[in-house]
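J.: For reference, the structure I am asking about is given below.
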Amino acid sequence: MRPQIAILIGALALGGCAKPAATPARSPSPAGPAGAPAAQAAGDTTGGRPAGTPRVRSYNSVVTSQANTVRGMFTVHRINDRLLFEIPRRELNKDQLAVGRFARAAAPTGGLSGGFGAYGGDRFVTRTLRWEREGNRVILRSPSYSIIANPDSAIYSAVQNTNYPPIIAVFNIDAFGPDSAAVIDVTRLFTTAIPELQAITGTIDAQRSYVERALAFPDNIGIEATQTGQQPATPGAPAGGARPAMSVLAHWSIVRLPENPMTPRLFDERVGYFSNSRTDFSTSEHRAATRRFITRYRLECSDRRVGDLCYPVQPIVYHVDPATPNWMKPYVRAGIVEWQSAFEAAGFKDGIVAADVPANDPNWSPEDVRHTMIRWLPSPVENAVGPNVHDPRTGEILNGSVQMFHNIMNLQRSWYFTQVSPLDVRAQRLPFPDALMGRLVQFVVAHEIGHTLGLQHDQIGSSTYPADSVRSRTWVAKMGHSPSIMDYSRFNYVAQPEDNIPVDSLIPQVGPYDKYAIMWGYKPIAGASSPDAERATLERWSRMQDTIPWYRFSAGNAYGGTGTQSEAVGDGDPIRSTELGFRNIRRVMGYVQNAATQDMGDNTDLAELYNRTVSQWATEASHVATLIAGGRVQYKTGGQPGPVYTPIPRGEQAAAVRFLNENVFRTPMYLVRPEIGARIEAGGMVTRINGAQGRSLSTILDDSRLQRLLEQEGVATNRSDVYTLNALMGDVRRGIWEELTSARPVIDVFRRGLQNQYLSILDRKLNPPPAPAGALGGAGAGTPEDVKSHVRGELVTLREEIRRSASRATDRASQLHLQGAVYRIGQILEPGN
């Protein structure tokens, strides 16, 4: 569930509830859409007439008796294969938003702009629109809100002159309807290659593209059209090679942006919301000020109350996709309503609700931007995403559509098995029972809904709980094992069987941080009529983090350490938590073969679960590696004392390297399972284990991490308090090559592989490979010279240690390995000699 990763099931109505009319779908003739003028099919910007003064005809000669008409924000006419908009004067010069989503698409076909692939519900465009009339033409523009100024300020006119909206299309007015409503032919917007709106990249064949359906509502219209085109040429492909055609059924919602814009709420990096940025040239600051507003739904209190809570005027509604497997639907609904407690913290009763798609309503479209959906997609992708569509002026979320790819179940199954199956007997054999799998999907739904509500990932959350607390039944029952379901903290692998944690408490839930964040973003602030008027209250809420650490936020930070780790549980103490996690992995390795082997099945599940268990081990090991040159983070404003970034103390960093040397770089033989290897492969066990170890080795020897150690030493007031680069390099060398201190060194094949990886990493720092054509530098070209000096010194020292010990090795493999290492170090230090 990576970003987006990215969940929704609902609709936030934009006003009005009149039932729309719809025109019937029509199929084109084999030769293409009948009645389409040749110039129109070619994409002529004047609607098929010569350039010049537009000729306006009588209304009845344009909107004939053949028209199928629907009325709403615009009146929309279908005449054969032509699509006409009748735009009332009141809708001119109004801000609108066009959202394009695939209704049907060919998933395996490339060349589409649907993010994770071409599936129903994938969004291919979001663009602001404004219709303007100039004489007998209508101009369609796409305004931008990236730079702004107060209309009363002197600079306002200059900003307006710099913000000239680009033109998408120009239309001749064919006729005028009642109240001088302009009637224009917009067919080509949806059947030709209009870059700002098209659903298919590359060219579009107008003869094989046609409008299917038109809907009209009080505040928006919906158009569906089939677009057919050819995939763009693949770079490097032979000229003239065949490029297969593709067709999609696309749905465009054109929605009027709220005429009474929601009061935006200012962004604060201490609370994890997605945001809009705008540059304001009219502030009192002596610069162009960046104004950032969070994305959130509009929730307003109605007069109905229950205790201290109010019912919203319009709740946030998520609709459950009818294509969701029936047995799974209750768990999807549970993932929606799990957020109700968070909205109660913001003062709302039933602020978010689940709903089913209306039955037997031909005008109800899941692609309609007013309807928020949790889509269930037939995809092998192991993911789910939760984007949202929002008003670019204020951040008001207009739609949030969660996409659940079917194979997300396989990913959850694997994670749950490798992390906590020792704590849940139901997970110790495949397949999982439906009740368990449904609960795992509920967790994913709730996580992705959090994104659609405006929340980022909160990677710091799991580090704010004491490691021992996540083993406490009472603690996890009240607080969970992470304070946020938005953390990449999956299942509670720190807990041990003897802790007797209830199985439902092994799975993340909407937690204390989530309730705090929803309160911070959604709770109405009485008497505040502008974003600036809310600042004092928001600051008071943000400073609750000073005394409640699990309210703190960080999405991820290059500083590393315990504050921003991904896929971690109990990472306030990564060493202790990883030690406990390794105990559970030992247990998993004891029954993985029986768990994944079926009488009538092949070894596919066995290979997958075994490899994923080794990968989970490597992930947990990496949580210790990131302590090196890492730190803890708490974002602060200028009025809050103390540092934002605090380095990890020397003792913790040294202990982390000791743990890695003893538990990671020494071969973890409990992962080596030749009986499994014999069933799934002809060879590869050494490569598998060395690859898992190499993740931690590469992490601690990363250039940016080594440079931070140099800087921490350089700025320290007392260098004895700092874990230095020299200390790290020496500790790692001694751990990787610990056999050199033995009276009779014996180095097995696993250790030889790890030691060769060590030399390869240092080689790339001193001798980076040639840069690819057009690249700015090779891999390792950024290694600082000061780091290179330490690397050379380590290699010289290592070569002397190997030479002294090589004669004591008695087995032939160890002797040859050490001789080869001496030779290779020489080549690294003096390449070409």
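J.: Restricting things to alpha carbons, tell me how big the stretch 410-513 is in terms of Rg and Dmax, in Å.
T.: That works out to 13.2, 39 Å for Rg and Dmax.
J.: Please list, in chain and number order, the residues 5+ apart from I316 or on another chain whose amide H is under 5 Å from its amide H, with Hs placed from the backbone.
T.: Correct list: I352, V353.
J.: Where the accessible area of the stretch 416-547 is counted over protein heavy atoms with a 1.4 Å probe, how much of it, in %, is carbon and sulfur? Can you show the working numbers first?
T.: Numbers: 2140 of 4170 Å².
With neighbouring chains kept in place, the figure for the stretch 416-547 is 51 percent.
J.: Another question about this same structure. Under the classification rounded if a/c is under 1.5, otherwise prolate if a/b is larger than b/c and oblate if not, where does the stretch 316-382 fall, given a ≥ b ≥ c as square roots of the Cα gyration tensor eigenvalues? Mind dumping the intermediate values first?
T.: Working: a/c = 2.11, a/b = 1.40, b/c = 1.50.
It comes out oblate by the Cα gyration axes.
J.: What Kirkwood Rh does the stretch 702-833 have if only Cα atoms enter the pairwise 1/r average? Answer in Å. Please report the intermediate quantities before stating the final value.
T.: On the way: mean 1/r = 0.0619 Å⁻¹.
Computed over Cα pairs of the stretch 702-833, the Kirkwood hydrodynamic radius comes out at 16.1 Å.
J.: Also, quick follow-up: Find the accessible area per residue for the stretch 297-384; the probe is 1.4 Å, ligands and nucleic acids are left out, and the unit is Å².
T.: Values: 3610 Å² over 88 residues.
With all protein chains present, the stretch 297-384 gives 41 Å² per residue.
J.: Using +1 on the beta carbon of Lys and Arg, -1 on that of Asp and Glu, and nothing else charged, what's the dipole of the chain about the Cα centre, debye to 20?
T.: Dipole size: approximately 560 debye.
J.: Using unit Cβ charges (K, R positive; D, E negative) and no other charged atoms, how large, in debye to the nearest 20, is the dipole of the stretch 574-646 about its Cα centre?
T.: Computed charge dipole of the stretch 574-646: roughly 580 debye.
J.: How many lysine pairs does the chain hold where the Cα atoms are under 25 Å apart and the two sit 8 or more places apart or on different chains?
T.: For the chain, the number of qualifying lysine pairs is 12.
J.: Accessible area of the stretch 548-641 with a 1.4 Å probe: how many percent of it is carbon plus sulfur?
T.: Details: 1560 of 3150 Å².
Using a 1.4 Å probe with all protein chains present, the stretch 548-641 comes out at 49 percent carbon and sulfur.
J.: Now, a different point. Where does each of D152, D174, D504 land when they are ordered by accessible area, with a 1.4 Å probe and the largest first? Numbers along the way, then the final one.
T.: Values: D152 140, D174 5, D504 75 Å².
Correct descending sequence by accessible area is D152, D504, D174.
J.: What do you get for GluC sites (Glu not before Pro) in the stretch 276-375 restricted to DSSP loop and a cutoff of at most 15 other Cβ within 10 Å of the site's Cβ?
T.: Values: sites: E285, E300, E338, E344, E367; in loops: E285, E300, E338, E367.
Of the GluC sites (Glu not before Pro), the ones in loops of the stretch 276-375 whose Cβ has at most 15 other Cβ atoms within 10 Å are E285, E300.
J.: Okay, next question. Once you keep just the Cα pairs under 8 angstrom separated by 6 or more residues, what percentage relative contact order results for the stretch 389-476? Intermediate results must be reported in sequence, preceding the final value.
T.: Working: 43 pairs, mean separation 21.0, N = 88.
Once divided by the residue count of the stretch 389-476, the mean separation gives 24 percent.
J.: Which FRET efficiency value, to the nearest 0.05, do you get for N80 and N360 by plugging their Cβ-Cβ distance into 1/(1 + (r/R0)^6) with R0 = 35 Å? Present the calculation step by step, with values, prior to reporting the outcome.
T.: Numbers: r = 29 Å, r/R0 = 0.82.
About 0.75, to the nearest 0.05.
J.: I've got another one for you. Subtract the Cα-Cα distance of V749 and R583 from 0.36 nm times their separation in residues, and report this length gain in nm to one decimal. Working shown, then result.
T.: Values: separation 166, 0.36 × 166 = 59.76 nm, distance 2.47 nm.
Result for the pair: 57.3 nm of gain on full extension.
J.: Something else: Calculated from DSSP H runs of 4 or more alone, at -39500 (n - 2.57) each and per residue, what is the 222 nm mean residue ellipticity of the chain, nearest 500? Don't skip to the answer; put the middle values down first.
T.: On the way: 21 runs with 255 residues, N = 833.
Per the formula, -9500 deg cm²/dmol.
J.: Now, a different point. I want to check the label-to-label distance for T290 and Y670. Put each point 7 Å from Cα in the C-beta direction and report it in nm to one decimal.
T.: Going by the 7 Å Cα→Cβ label model, 4.7 nm.
J.: Let me ask another. If you build the convex hull over the alpha carbons only and average its shadow over all orientations, what do you get for the chain? Give it in nm² to one decimal.
T.: Numbers: hull surface 172.4 nm².
The number I arrive at for the chain is 43.1 nm².
J.: So how do 469-475, 204-210, 676-682 stack up, highest first, on mean other-Cβ count within 10 Å?
T.: Taking the mean over residues of other Cβ atoms within 10 Å, the ranking is 204-210, 469-475, 676-682.
The values are calculated or read from the model by the stated rules, or taken from the named source; none is laboratory data. Predicted model, so just to flag it, every value in this text is computed and none were measured. Cβ coordinates were reconstructed from backbone atoms using ideal geometry, including for glycine residues, and neighbour counts include every protein chain displayed. Quick note on the areas: whole protein, heavy atoms, side chains included, nothing else; ligands and nucleic acids left out. Shrake-Rupley method; radii C 1.70, N 1.55, O 1.52, S 1.80 Å.
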